[in-house]
Structures are given as structure tokens and as C-alpha cells.
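Notes follow the structure.
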Amino acid sequence: MSIRIKLLLVLSVFLAIPFLGWGYVRELDRVLQNAQEQKIAGTAQAVATALHDRARLFDRTPVPLESLEKEHRGSGDAPQAMPHPGAVAEVEQILNGMSRTTSRIWIVDRNLDVLARTGSLHAPTAAPEPEPQGLERIGRWIEEGLLHPLYALALAQPTEDFSEEGAAATLAGMREVDGALAGRLTTTRRTTPDGRAVIVAAAQPIWIGDDVRGAVVVEETANAELALRNRAFERLFTIVLATLLIGSVALTLFASRLTARIRRLRDEAEAAIDAQGRVRGALAGSSARDEIGDLSRSFSAVVTRLAQYAGYRENMASRLSHELRTPLAVVRSSLDNLRQAAVPHEARVYIDRAQGGLARLAEILTRMTEATRLEHSLHDAERERIELGALVTACVDGYRLAYAARVFVLDVPAAPLVIAGAPDLIAQMLDKLVANAHEFAPAGAPVAIRLAQDDVHAHVEVENEGPLLPEGMRERLFDSMVSVRAQSGGETPHLGLGLYIVRLVAEFHGGGARAENRTDGKGVVVTITLPLAVDR
Amino acid sequence: MSRRIAIVEDEPAIRANYTDVLKRQGYDVAAYADRATAMSAFRTRLPDLALIDIGLADDVDGGFALCQELRALSASLPILFLSARDSDFDIVAGLRLGADDYVTKDVSLPHLTARIAALFRRSELAQAPAGADDVLARGPLALDLKRLSVQWNDRRVDLTLTEFWMVHALARHPGHVKDRDSLMRDARIVVDDATITSHVKRIRKKFVAVDASFDRIDTVYGMGYRWRE
């Protein structure tokens, strides 16, 4: 999983915020509900206070207010008793003050007869909001087009489209009225019969002396409070959403930049060291002052040190041999002098042995510097067009003489394979490969040399039976001073430079070398790939 | 009067050993440890042959500078480089500076004395007329074994002693392949295969400089070289 995705997952923790917000909004809801209940309770109390101890209002059955007159007349069941005109005017006056609110106020007597009623549960139609301009318009579009439908799913929306049917009748048996007639201020909430709105009601007893003679009932929809709550939640949710959105974008950008830098560092590090673990080039350390910059710099330092070490290892042989040559010359010239002096016959045996050892030492030294000398000679090696088939055939003829006991199997295609190269170097490379194969192959087993080609390359394969390559050494075999031979001191020294020379020559020709175990698991194949010459 | 050989070598043991062996051969030997003392002695009296080490203690290329100065004093004095270094670059540089030959310190003392004797013979007989019996002729090639000089189509090819011996080894049995080891033996040098290869290359170049169509030395890959009749 990429760092970007992980960071975004971490960011999802912030999705908890809307849930916390939900809890907060519910708390707010409760507060608002309380406030509304208290407000209408206050209204009810105020109206009731005005009606306290006005006993004559309740003496007779009063006639409803103007607003109800028609209704009652139309329904045909007009009350028999008419109210006292003065009382009506008084109630009207008291209730007038309240008519502008969205509350509906009832005044009932103990028999639940409605003495007066004013107001409507429906809010007056709001004036249309002004058309927004510019950016605000986009904001509004997003809010109304995208967010509101979303919120509508989660939140109950207040609506004025509800029915008050039966409201008058249902006053009987309502808890608040019963409570009020029992002498208590009572508030209740109920849903409208069609279930589309919540109605909050408060009922306050009207006292005449010590008697409850009636009740003031104030009703209101919870729409205003609901709208308030919704707006608070929407605001919160919109802000959280915007923050999340901006945060995700910012984090994604940041993470992209980070991952891009890390990827670049990885690519550079991979490019700096090739498959064989050799340093191709220095790594330019980043100048950034953060941890990735640090990492890049330490990578760069590591690669530089690796390059120094590789250089040291490649030069060590040559420097060592150079340093050893002088003391060797001292020993050699001393022995030569000794031989010419008059020494007893027995002493000559030891001189011979010493010279034999010296010859071996000299051989080691010569081999040690061979690679270095080859590197030097590569600088001014001249390329010519070579027919690889003829060259390899000639070389193999030579090997048949040189290793008389060994059978060489040669497979050269009939078509000429022309490369641009230095024939001496190719021959030297082949010498090393064949010497290697000869040493590893058991007596009697053949060494096979095959030539093949694809579209752009010639392939030289040298194959022998014998021990397999150790795992993990395959890539390093072609390094300087890397040998997989057991450390048994044979006649000829093994310094792990032969395949290094092979690699140098192959690379000089723009090709490469690789060693693999034979598919039948009984031997080793070394393949040299050389680019074919471009026809002129 | 015995011939006088100057040895310039910073390593005391080698200097003493070489001095001993050359004295035993009847030469008059003067040994110097550094360039300054050698040069001041050369200004007073030139030796008959100089054996110079390239690296003289801290004076890394002191031998090269000494060779140049010495060559300025005498054009004909045989100069032999003796060095622990055996890179082609050093060989080429030394020969360009006017040295007659270049051997590594791997050389055995008999080989070294043989080489010194040959160099003396060559410088002495350079002017003397050639005796017919000493000439090995192979077509256009004439090897004067006494003077150790080579002519191709009657034009002199300026070979070093090592190169002369190598050409001699090849041309003596035309058509026969000489492997690198026997070439080394014949040329009395101890070098690796790559150096033999570059010696052969240099020999070819010198012949080609005299005759652009020269192609008598064949490379027999995997085996060695052959003189084509």
C-alpha cells in the first residue's frame, strides 16, 4: 500500500467529527426544545395572568372570537349562550398582542369549551431571499444542489405542509389541558395526526380565587427550532466536509510529493548500483533539509564509499604487486648471485627450490597486474571488423593443442558473425573462459564452445560439466578478486581475476557476461553477449 | 680497458646485487642511488651503458628525467630501463624518451647480463660492415645477428633488443607458430601475455612504418604468432 493511501486512511479518523457533531447537535436540540417550551409556557402564563380573577369571563359560555364566528355559524351548531360583550372585548384585547407570533392560543373553561382562540400554527410565508452573486452563487449551488439533498436524508426537515385537522376536537383529553385544569403548568410535545410536524403545547390554569376555572393553551410547531437545529448541523457538517476535502487534497499533494521524492531516491539508488553490485556512478545527494534529504545524502555517501571500496579492491592487486616486485627482485638477484658464487653442491638444491618458489611468486604477481594492464590497454585498443566464427575456431584449434587431454566441442554457425572489436582481447577473453572451464570440468568431460546470434547480438557460450555455482555468487563472479574455488593451493594461483578480465573485455565491446548453472544441473554455462557490427 | 656501466637504483640490496654480478662479468660498475648524484657524475664522465630504475625513491619518474638528460649528453649511449613497473604505458614512455630497451625487475641476472652484452655488441658494431655469414635472410627481411639490427627491403627497421630477439625467434622458423612463452624465452624477458601482444603490435607498427603493406606476422589466436613466408 502506498504512503498516499495510508495517509488518506489516517485522515479517515476525522470522519468521527460528523458523529461528534451529531451528538452536539442533539444536545443543542434539547436546549432549543427547552427554550421553546419555556417560551410558550411564558406566553401561556402571561395570558393566564391577565385572565386571573376575572370571574365574569367564565360566568357564561362566551362566544368565540371573530375569527371563529364564521366557522361556528357555518357548521350550524352555534352555542346557545352568548358571551358578555365586555368580556369578549377584553379577551380580544389581551390576545391581540399575541396574534403576530406563530403560536395558536386557546382559552378554554373547565368544560373544555373554547372561550377564545387566536393565531395559526402555520408560519407566514417568508420573503424570498435575494439572488446571490458571483462566488456566493457557486457556494449556494453546492449547498443546495449537493449538500441539502444529502442532509435531507439524515435530518427531518421542517415543513409547513401539515394538517391541523381535528385540532379543535382533540383539545379534549390532552395531557396539557388536563394538567392545567388540575392546576399545574404543563408542557407537552406531540406530532400532528398526519405526522408531518411536531407541535409543542403549554397549558396554564386560570385561577379565579382558589379555583381553576379555565386554561390557556399555547401551541406552536417545532419547525422554527428544527430549522435552527438543522442549520446548525448543516453549517457544522459543511465546515467539516470542507475541512476534510481541503485536508485530503493537501495531504494527498504532500504525500505525492513525498512519495515522488522517495521514488526518485529509490530509482537513483537502483541506478547507481547495477545488478552485479557495481557502482555505476555517484549519487547526487539532495540538498533538502528534511529526513528524506538526509536519507538521500547518506545513500550518496554509501554509494561513494562503495565506489571507493570497489576502486580500492580493483587497484589493490596492482598496487600490491608493484610493492612486492622490489623485494622479489632483491631475492631473485641475490639467488642469481649465489648461484654464480662457489657454493657447495648440496646448497644448490636449496637455491633451486628457492628459485622455484620465486617463479611461482612472480607468476602470481604477473596475474595480479594482468587485469590492471588490460584496463590500461583498453584505452588505446583498436577495433576492427572480426568474423567471430573464424576467430573462435582458430582459438579452439589452439586449445586443442594446449589442453591435449581435453575434448573440445565446437559449434559455429555457417553464417558469418561479424563484430567490431579487438581480436586480441576477444582471444584473451576466450582463453580465460576456456581455462576456467578446463579446470572445473572433470577429466574426460568435454568443454563445449558454442556460437549463436540473435538480431543484434552474438552469443559465445562456454559450457562445462562440473560443480555448480554457489547461490548468491552468480552476480559477483565477474568482480575483481572474487573466486568460488576452494582455497587449495594448486599449481597455478587463483586470484579471481580471470572472469573479471572476461567482463572487462565484454564490456569494452559493449556487451556483457553472465554465468548460469546448466538446466540439467550438472554444469555451468558462461555466456558472453557481444553486439554485432552494424553493416556499412 | 673494461667497459663502464652506471647503475641508478634506489634500492640498496638490488643495487649491490647488480653491481656484484656485473663486476663478476668484468665490467667496471658505478652505482648511484638518486638522480642528482648520478647526473653530476655523468657530467664529469659518461658511462658506456646506463641501467636506470624509473622510480627513484620519492622521485617517482626520476628515471625518465634522467634518461632524457643523459640522451641529451650522448645520442649513442645504450640506456636500459629497469623497473618494477610493467605497464605498457611505462614501456612506451621509456622507449620514447630514447631508452634502448626496457626490462622489468623480474628479469633473471643471466638474462640481464646477456642483454647488456648484446647492447654493447650492437653499439660497437653498428658502424662495422656486415659479414655475410651473420645475416639471416628471409625474403625482404635481413637480420644481422652480430649487430642485432634489422633491414626490410634494405631499409633499416629500428627495433629494440627485445623486439629484435622476438623477430629473430619468429623468422628463424617461418610458418611455425611460436607461443608466447617461447617468444618470452627467446627475447629473454619475463612479461605477461598482454605485454607480448603489445610488443608484437609495436614490431608490426615499426615494419609498417617502413613498408605500409607489411603483413608477415600472423596472430594465431589461442596459440601465438607465426612469421609468414
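So what's the back-of-envelope 222 nm ellipticity for chain B, counting only DSSP H runs of four-plus at -39500 (n - 2.57) apiece and dividing by all residues, rounded to 500? Don't skip to the answer; put the middle values down first.
Details: 8 runs with 99 residues, N = 229.
Taken over chain B, the calculation gives -13500 deg cm²/dmol.
Starting from the Cα of residue A:175, step 7 Å along the direction of its Cβ; do the same at residue A:251; then give the gap between the two resulting points in nm.
The two pseudo-label positions are separated by 4.6 nm.
Under the Kirkwood approximation for Rh and a Cα-based Rg, what ratio Rg/Rh is obtained for segment A:273-380?
Values: Rg = 23.5 Å, Rh = 17.9 Å.
Taking Rg over the Kirkwood Rh, I get 1.31.
Report the gain in length on full extension from residue A:148 to residue A:415: 0.36 nm times residue separation, minus Cα-Cα distance, nm rounded to one decimal.
Details: separation 267, 0.36 × 267 = 96.12 nm, distance 7.95 nm.
In short, 88.2 nm is gained.
Between residue B:46 and residue A:378, take the C-beta separation as r, use R0 = 30 Å, and let me know the FRET efficiency to the nearest 0.05.
The value I calculate is 0.15.
Assuming R0 = 45 Å, what is the FRET efficiency of residue A:363 and residue A:4, from their Cβ-Cβ distance, to the nearest 0.05?
0.15
Please list, short to long, the whole-number percent of alpha-carbon pairs of segment A:200-296 in consecutive 5 angstrom bins beginning at zero.
3, 10, 9, 9, 7, 7, 6, 6, 5, 5, 4, 4, 4, 4, 4, 3, 3, 3, 2, 2, 1, 1
Out of B:137, B:189, A:245, whose Cα points farthest toward the positive end of the dipole of the protein assembly as shown (charges: +1 Lys, Arg; -1 Asp, Glu; placed on Cβ)?
B:137
Over the Cα atoms, compute the radius of gyration (one decimal) and Dmax (the largest Cα-Cα distance, rounded to a whole number) for chain B, in Å.
For chain B, the Cα-based Rg and Dmax read 17.7, 52 Å.
Between segment A:176-211 and segment A:394-421, what is the separation of their alpha carbon centroids in Å?
Segment A:176-211 and segment A:394-421 have Cα centres spaced 115 Å from each other.
Through the Karplus equation 6.51 cos²θ - 1.76 cosθ + 1.60, θ set to phi - 60°, convert the phi angles of segment A:203-209 into ³J(HN,Hα) values in whole Hz; use x for Gly and Pro.
Going residue by residue, I get 10, 10, x, 9, 9, 10, x Hz, with x marking Gly and Pro.
Taking 22 Å as R0, compute the FRET efficiency from the Cβ-Cβ separation of residue A:19 and residue A:232 and round it to 0.05. List each step's numbers first, then the result.
On the way: r = 15 Å, r/R0 = 0.70.
After rounding, the FRET efficiency stands at 0.90.
Please give, to one decimal in nm, the separation of the simple spin-label points placed at residue A:309 and residue B:218, each 7 Å out from Cα toward the Cβ.
Here the answer is 5.0 nm between the modelled labels.
Work out the charge dipole of chain A with +1 on the Cβ of Lys and Arg and -1 on the Cβ of Asp and Glu about the Cα centre, then indicate which of A:349, A:428, A:331 is farthest towards its positive end.
A:349
Please list, in order, the residues from segment A:437-456 whose amide nitrogen is less than 15 Å from a point placed 7 Å along the Cα→Cβ vector of residue A:532.
Answer for segment A:437-456: A:451-456.
Rg to Rh for chain A: what is it, with Cα atoms only and Rh by Kirkwood? Each step should come with its number before you reach the end.
Working: Rg = 52.6 Å, Rh = 34.5 Å.
Radius of gyration relative to Kirkwood radius: 1.52.
So how much slack lies between residue B:209 and residue B:57, counting 0.36 nm per residue of separation and subtracting their Cα-Cα distance, in nm? Don't skip to the end; give the middle numbers.
On the way: separation 152, 0.36 × 152 = 54.72 nm, distance 3.77 nm.
Taking residue B:209 through residue B:57 to full extension adds about 50.9 nm, to one decimal.
So between residue A:110 and residue A:55, what do we pick up on full extension, going 0.36 nm a residue minus the alpha carbon distance?
Values: separation 55, 0.36 × 55 = 19.80 nm, distance 1.27 nm.
Going from the current span to full extension adds 18.5 nm.
Determine the equivalent ellipsoid of segment B:4-125 by diagonalising the alpha-carbon gyration tensor, then write out the semi-axes as square roots of 5 times the eigenvalues, largest first, rounded to whole Å. All intermediate terms of the calculation are to be shown ahead of the outcome.
Details: eigenvalues 64, 53, 49 Å².
Equivalent-ellipsoid dimensions as semi-axes: 18, 16, 16 Å.
So if the hydrodynamic radius of segment A:367-518 is defined as the Kirkwood radius over C-alpha pairs, what does Stokes-Einstein give as its diffusion coefficient at 10 °C and 1.306 mPa s, in µm² per second? List each step's numbers first, then the result.
Values: Rh = 16.2 Å.
The Stokes-Einstein estimate is 98 µm²/s.
Would you please give the residues with an amide H less than 5 Å from that of residue B:141, counting only those at least 5 places away or on a separate chain, with H modeled from the backbone geometry?
B:153
Specify whether the C-alpha gyration tensor of segment A:429-475 places it in the rounded, prolate or oblate class, a ≥ b ≥ c being the square roots of the eigenvalues: rounded for a/c under 1.5, otherwise prolate if a/b is larger than b/c and oblate if not. Present the calculation step by step, with values, prior to reporting the outcome.
Numbers: a/c = 2.19, a/b = 1.39, b/c = 1.58.
It is oblate, given that a/c is not under 1.5 and a/b is not larger than b/c.
Cross-chain or 8 or more residues apart, Cα under 22 Å: how many lysine pairs in chain B fit that? Count them up, please.
On the way: B:23/B:105; B:146/B:206; B:178/B:201; B:178/B:205; B:178/B:206.
Close lysine pairs found across chain B: 5.
Hydropathy at least 0.0 by Kyte-Doolittle, axial extent at least 30 angstrom from the Cα trace: which helices of chain A, defined as entire DSSP H runs, fit? Kindly include the intermediate steps, with their values, before the conclusion.
Numbers: long enough: A:16-51 (53 Å, 0.14); A:223-272 (71 Å, 0.42); A:291-340 (72 Å, -0.33); A:345-379 (51 Å, -0.43).
Those that clear 30 Å and a mean of 0.0 are A:16-51, A:223-272.
Values quoted throughout were computed directly from the atomic coordinates according to the rules given, and no laboratory measurement underlies them. Everything numeric in this text was worked out from a predicted model, so none of it was measured. Heads up, the Cβs are rebuilt from the backbone with ideal geometry, glycines too, and the neighbour counts pull from every protein chain shown.
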